[in-house]
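Q: Structure provided below as C-alpha cells; questions to follow.
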Amino acid sequence: MTVDVLTIGEALVSFRSPGPLAFGAAITPGLAGAESNVAIGLARLGHSVQWLGRVGDDAFGGEIVRTLRGEGVEVDRVVVDGTAPTGLMLLEQRTADLTRVEYHRAGSAGSRLSPEDLDPIAFEDVRSLHVTGITTAISASAAATVQAAVERASAAGAFVSLDVNHRARLWARGDATATLRPLLPHVSLLIASEDELDLVAPGPEDEAVASLLGGRVEQVAIKRGSDGASLLTSDGRVDAAARAVTAIDTVGAGDAFCAGLISGHLDGLDPVGRLDRAVQLGAWAVSTFGDWQGLPRRHDLVDLATHRPGETIR
C-alpha cells in the first residue's frame, strides 16, 4: 500500500507548566516531537502517514503509540525498546512571550534509532519522506538513520523534505552544518527559518537560496515568524503574510507550517496555494494550546479564510 508521507524521528513526552517549573506546579503531560507533529497535521488533512521511531517499553511509550494511532497515523513499524526509556522534555511558560524548554533525551529509546530500523520500509511505496535536523542532532546513529533514509527515498523517486529545525540546546551550529549539508543531494524541499538558512548554504539569503536551487533542491521555504513566509523555486519567489490571529502558544507552529506545505505539494497546489496552506496551518497552531492539538481537519481550512477575528460561528 502506498503511503503519502513517511516521517522518521523521536516522539517524546512533554511536561508543560503554565508558569515556572517548581515543586507544586501544575504540569500536564502530552505527546511532542517535530516529526510526530507533522504526521498528525498531515493525517488530519486526510493524507496517509506513517511514523517510524523508537519508544521505551514503558507507560509513556505505549501512550505515544496509542495517541498517534488514534490520530490516524500508521505506527505498525515503531520499535519498542526494552532497554531504554521514552525521552522527556519540560516546557515552562516563563512569561506570556517566553517559553523555556529543557530536554531529558540522552540515552533515550528514540536516540537509538539505527539504519537497521529502516529495513522493513519499502521506499518505492512512499510518495514523500519528511525529516528534521532535530533527529540528526540526538545521536550519531539517528543521524546515520536520517542519511540512509533520504538516500533510499530519493533513489526510489520519493519527494524528500528537510526542516532544518536547529536546536541550540542539542548541538552547535558547526556540528549542524557538517551533518545537514550531506543530506542536500537527496532533498527536494528545504525548510528553514531566516536564522537557520546559513547552516545549509553560505552567504546572504539570495546567495544561499540560489546555491540550494542550483543543486538537487527544488523548493526552498523560509519561515519569517510574524512577518510570514516565502517559497522560492526556479520559477521565482512567492511571499505570504502571517494570518492575523491571537497567538496563544507558538510551540509547534513550524511543524504545522511543514505539514501545510507538504500537504499542498501532495494535493498538486501551485506555489501560492502551497504557501497559503502552510501559513494557515501555522496560524491554527499558534492560536491554540499544545504542539498539535489545535491542528485543523480539512473541512476547517475555510474558517480562517472566511471569518473575522473574534467571530462566533453559529
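Throughout, read-outs are computed from the coordinates displayed, never taken from laboratory work. This structure is a prediction, so every number in the text was calculated from the model and none was measured. Every residue, glycine as well, gets a Cβ built from its backbone with ideal geometry; the counts of neighbours run over all protein chains shown.
Q: Run through the DSSP bridge list for the chain and note the antiparallel percent, rounded to the nearest 5. Each step should come with its number before you reach the end.
A: On the way: 21 of 52 bridges.
In the chain, approximately 40 percent of DSSP beta bridges are antiparallel ones.
Q: Given the peptides 189-199, 73-83, arrange them by the average over their residues of other C-beta atoms within 10 Å, most packed first.
A: Details: 189-199: 20.9, 73-83: 15.9.
Ranked by mean Cβ neighbours within 10 Å, highest first: 189-199, 73-83.
Q: Hey, for a label at GLU116 modelled as a point 7 Å past Cα toward Cβ, could you say which residues of the stretch 137-157 have their backbone N under 19 Å away?
A: Zone members listed by number: 139-149.
Q: Any idea how far the Cα center of the stretch 179-244 sits from the one of the stretch 76-154, in Å?
A: 23
Q: Taking N as the number of residues in the stretch 161-314, what value does Rg over Cα atoms divided by 2.2 N^0.38 Å take?
A: Output field value: 1.07.
Q: Give the shape of the stretch 23-62 as rounded, prolate or oblate, defined through the alpha-carbon gyration tensor: a ≥ b ≥ c are the square roots of its eigenvalues, a/c under 1.5 means rounded, and otherwise the shape is prolate if a/b is larger than b/c and oblate if not.
A: On the way: a/c = 3.35, a/b = 1.67, b/c = 2.01.
Verdict is oblate for the stretch 23-62.
Q: A follow-up question, please. Let me know the shape class of the stretch 128-232, please: from the alpha-carbon gyration tensor, a ≥ b ≥ c as square roots of the eigenvalues, rounded when a/c is under 1.5, otherwise prolate if a/b is greater than b/c, or oblate. Before the final figure, lay out the partial values.
A: Values: a/c = 1.67, a/b = 1.15, b/c = 1.45.
It is oblate, given that a/c is not under 1.5 and a/b is not larger than b/c.
Q: Please state the equivalent ellipsoid semi-axes for the stretch 100-159: what are the square roots of 5 times the Cα gyration tensor eigenvalues, largest first, in whole Å? Provide the component values of the computation, followed by the final result.
A: Numbers: eigenvalues 117, 31, 15 Å².
Each semi-axis is √(5λ); the values are 24, 12, 9 Å.
Q: Another question about this same structure. Debye calculation, C-alpha points only, no solvent: report log10 I(q)/I(0) for the chain at q = 0.09, 0.10 Å⁻¹, in the same order as the q values.
A: Each listed q maps to, in turn, -0.42, -0.52.
Q: A further question on this structure: Please list 151-157, 201-207 highest first by mean number of surrounding beta-carbon atoms within 10 Å per residue. Walk me through the numbers on the way to the answer.
A: On the way: 151-157: 17.0, 201-207: 13.4.
Order by mean packing, descending: 151-157, 201-207.
Q: Can you give the Rg and Dmax of the stretch 1-137 based on its C-alpha atoms, in angstrom?
A: Looking at the stretch 1-137, its Cα Rg and Dmax stand at 15.5, 51 Å.
Q: Can you order the peptides 134-142, 176-184 by their average number of other Cβ atoms within 10 Å per residue, highest first?
A: Working: 134-142: 21.2, 176-184: 18.0.
The most tightly packed comes first, giving 134-142, 176-184.
Q: Apply 1/(1 + (r/R0)^6) to the Cβ-Cβ distance of HIS299 and GLU218, taking R0 = 41 Å, and write down the FRET efficiency to the nearest 0.05.
A: Working: r = 30 Å, r/R0 = 0.73.
For HIS299 and GLU218, the calculated efficiency is 0.85.
Q: Once you have the Kirkwood Rh of the stretch 179-264 from its Cα pairs, apply Stokes-Einstein at 10 °C and 1.306 mPa s and quote D in µm²/s.
A: Values: Rh = 13.6 Å.
Roughly 117 µm²/s, to the nearest whole number.
Q: Shifting gears a bit: Mean 1/r over all different Cα pairs, inverted: what Kirkwood radius does the stretch 82-126 give, in Å? Write down the numbers at each step before the final one.
A: Numbers: mean 1/r = 0.0743 Å⁻¹.
Evaluated on the stretch 82-126, it is 13.5 Å.
Q: Then there's this: When a/c reaches 1.5 or more, the comparison of a/b and b/c decides; with that in mind, is the stretch 58-172 rounded, prolate or oblate per its Cα gyration tensor?
A: In terms of gyration-tensor shape, prolate.
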